[in-house]
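Q: Structure below; questions to follow.
The values are calculated or read from the model by the stated rules, or taken from the named source; none is laboratory data. As the structure is a prediction and not an experimental result, all values here were calculated from the model. Note: ideal-geometry Cβ built from the backbone for every residue, glycine included; neighbour counts use all protein chains shown. Each accessible area value is taken on the protein alone, full model and side chains, heavy atoms only, with ligands, DNA and RNA left out. Shrake-Rupley method; radii C 1.70, N 1.55, O 1.52, S 1.80 Å.
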Amino acid sequence: MTEPPSLHPEVHETADRIAEMEVRGAATIADAAAAALGTQAADSDAESAAVFRAELRAAARELHETRPTAVSLPNALRYVLSGMEGDNVEELRRSVERTVARFRSDLDEAQDRLGRIGAGRLSDGDVVMTHCHSTDAMACIEAAVEDGTELEAIVKETRPRNQGHITARQLRELGVPVTLVVDNAAHRFLDDADHLLVGADSIAADGSVVNKIGTAGLAVSARDRGVEVMVAAQSIKLHPKTLTGAAVEIEQRDDSEVIDEKTRADIGDIEVANPAFDVTPPRHVDAIVTERGQFPPESVVVLMRELFGESVDEPWQEP
Ligand code: RUB
């Protein structure tokens, strides 16, 4: 019987940290997964090219299985594995290290570029409502603040994990005045907002935006009130499989995020549902801001075809 590929502890740790949401947010997950593949390559003691390749595929499979909705994760894994080339272990190692370094620096650069484009949509005195915590959305606010644009923010706390607290803290670090509100107050506070600014975990070929649960209802309310809906999403959030009709899988998380055991027992026999994401149809979105420019949601498919073609291969599967 052949031995299972030997994986670096950092691969297991990164996979656990993503699954437990210590590492979270689509861009950060992609970056961490690429870094873990880089460590696997750097420290591998594989004695043949075939074993090295099998280790990298196994590492990618473990990382892939952590969370299903953010397409940045499979896109990152595909990018790194498709950059793996060479006839011996040293060549393969160097190619993976190079590809990982390029991927991570492109990711940073894309976010900066996207931020500058998004900042162009924000004007002095604007009030921005946020949902969850998105580094792409934050990049737009950060670039606007750097330009001297005065902004205020209404930050939704974003039950059940309260990622709004991270957004609130980072906005205060930028000097942006913050009003934190419970999720149920969003409709009321949209009267005071000029923009709804959110990130994305995946964007489908028809321009639908998959993001933290609550985004869809919020976008409908924002549209109803004439508040602009802006989605900040690097092109790594484009979901190439949706070009061929696949649906984006929505992660269902543990009941314990919604209710503790004692309260649940006190209530009685109930079902609890905890979907982590929802789908906002393109008609409720004004603009998707990427590092390649801003797009009306319906035309994002053009960028998706240009960047991914029909390629939806899964190089982490065994050949
Ligand atoms: C995070 C979330 C973020 C997107 C975009 O959900 O929905 O809006 O991932 O983030 P979770 P970024 O907290 O469940 O991971 O712009 O940083 O990629």
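Q: So is Val23 surrounded by fewer than 24 Cβ atoms within 10 Å (Cβ to Cβ), within 10 Å of the ligand (Cβ to nearest atom) and of a type in the set (A, V, I, L, M) or not? Don't jump to the end; show me each part of the working.
A: Numbers: surrounded by fewer than 24 Cβ atoms within 10 Å (Cβ to Cβ): yes; within 10 Å of the ligand (Cβ to nearest atom): yes; of a type in the set (A, V, I, L, M): yes.
Considered against the rule, which asks whether it is surrounded by fewer than 24 Cβ atoms within 10 Å (Cβ to Cβ), within 10 Å of the ligand (Cβ to nearest atom) and of a type in the set (A, V, I, L, M), Val23 comes out as yes.
Q: When residues of the stretch 107-125 are filtered for being polar (S, T, N, Q) and within 18 Å of Gly148 (Cα to Cα), how many remain? Show your work before the answer.
A: Within the stretch 107-125, the first condition is being polar (S, T, N, Q), and the residues that meet it are 111, 123.
Still in the list and also within 18 Å of Gly148 (Cα to Cα): 123.
Residues in the stretch 107-125 being polar (S, T, N, Q) and within 18 Å of Gly148 (Cα to Cα): 1 in total.
Q: Which pairs turn up if I take residues in the stretch 263-277 that are in the same structural domain as Val210 (by TED's automatic domain parsing) and more than 16 Å from the ligand (Cβ to nearest atom) and look for partners that are open to solvent by less than 60 Å² (accessible area, probe 1.4 Å) and assigned to a helix (DSSP H, G or I) with beta carbon separation below 6 Å, at least 6 apart in sequence or on another chain?
A: Val272/Asp255
Q: Of the conditions (1) more than 16 Å from the ligand (Cβ to nearest atom); (2) under 19 Å from the mean Cα position of the chain (by Cα), Gly199 clears all except one; give me its number.
A: For Gly199, the failing item is (1).
Q: Just one of (1) buried (at least 20 other Cβ atoms within 10 Å of the Cβ); (2) touching a Lys or Arg at 6+ places or on another chain (Cβ under 7 Å) trips up Asn211, so point out which.
A: Asn211 satisfies every listed condition except (2).
Q: Mind listing whichever residues of the stretch 114-127 are in a loop (DSSP other than H, G, I, E, B) and crowded, with 18+ Cβ neighbours inside 10 Å?
A: The first filter runs over the stretch 114-127 and keeps only residues in a loop (DSSP other than H, G, I, E, B), leaving 120-125.
Arg121, Leu122, listed by residue number.
Q: Then there is this: For the stretch 141-176, name all the residues that are open to solvent by 60 Å² or more (accessible area, probe 1.4 Å), outside any helix (DSSP H, G or I) and more than 14 Å from the ligand (Cβ to nearest atom).
A: Answer for the stretch 141-176, where residues must be open to solvent by 60 Å² or more (accessible area, probe 1.4 Å), outside any helix (DSSP H, G or I) and more than 14 Å from the ligand (Cβ to nearest atom): Asp147, Glu150, Glu152.
Q: Next question. Report, by residue number, each residue of the stretch 278-319 that is closer than 15 Å to His239 by Cα and among the aromatic types (Phe, Trp, Tyr).
A: If the condition is that a residue be closer than 15 Å to His239 by Cα and among the aromatic types (Phe, Trp, Tyr), then Phe308 is the only one that fits.
Q: Against the definition (at pLDDT 95 or above, over 21 Å from Ala137 (Cβ atoms) and surrounded by fewer than 16 Cβ atoms within 10 Å (Cβ to Cβ)), how does Thr244 come out, yes or no? Explain how you work it out, then say what you get.
A: On the way: at pLDDT 95 or above: no; over 21 Å from Ala137 (Cβ atoms): yes; surrounded by fewer than 16 Cβ atoms within 10 Å (Cβ to Cβ): yes.
So Thr244 fails the test.
Q: Would you point out the residue of the stretch 128-140, among those that are open to solvent by less than 20 Å² (accessible area, probe 1.4 Å) and of a type in the set (Val, Ile, Thr), that is farthest from Arg116 (Cα to Cα)?
A: Thr130
Table: residues versus (1) in a loop (DSSP other than H, G, I, E, B); (2) free of Cβ contacts under 8 Å to residues at least 24 places away in the same chain; (3) within 16 Å of the ligand (Cβ to nearest atom).
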{"site": "Gly226", "(1), (2), (3)": "yes, yes, no"}
{"site": "Gln294", "(1), (2), (3)": "no, no, yes"}
{"site": "Ser299", "(1), (2), (3)": "no, no, no"}
{"site": "Arg305", "(1), (2), (3)": "no, no, no"}
{"site": "Asp313", "(1), (2), (3)": "yes, no, no"}
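Q: Now for a different question. Looking at (1) buried (at least 16 other Cβ atoms within 10 Å of the Cβ); (2) in contact (Cβ under 8 Å) with a residue 60 or more places away in the chain, can you tell me which one Glu257 breaks?
A: In the conditions (1) buried (at least 16 other Cβ atoms within 10 Å of the Cβ); (2) in contact (Cβ under 8 Å) with a residue 60 or more places away in the chain, Glu257 misses (1) alone.
Q: Give Asp191, Asp206 a once-over and let me know the one that is charged (D, E, K, R) and part of a loop (DSSP other than H, G, I, E, B).
A: Numbers: Asp191 fails: part of a loop (DSSP other than H, G, I, E, B).
Testing whether each residue is charged (D, E, K, R) and part of a loop (DSSP other than H, G, I, E, B) leaves just Asp206.
Q: What is the one condition in (1) more than 15 Å from the ligand (Cβ to nearest atom); (2) in contact with a helix residue (DSSP H, G or I) (Cβ under 8 Å, 6 or more places away or on another chain); (3) under 30 Å from Ala49 (Cα atoms); (4) open to solvent by 40 Å² or more (accessible area, probe 1.4 Å) that Arg104 does not satisfy?
A: Tallying (1) more than 15 Å from the ligand (Cβ to nearest atom); (2) in contact with a helix residue (DSSP H, G or I) (Cβ under 8 Å, 6 or more places away or on another chain); (3) under 30 Å from Ala49 (Cα atoms); (4) open to solvent by 40 Å² or more (accessible area, probe 1.4 Å), Arg104 fails exactly one: (1).
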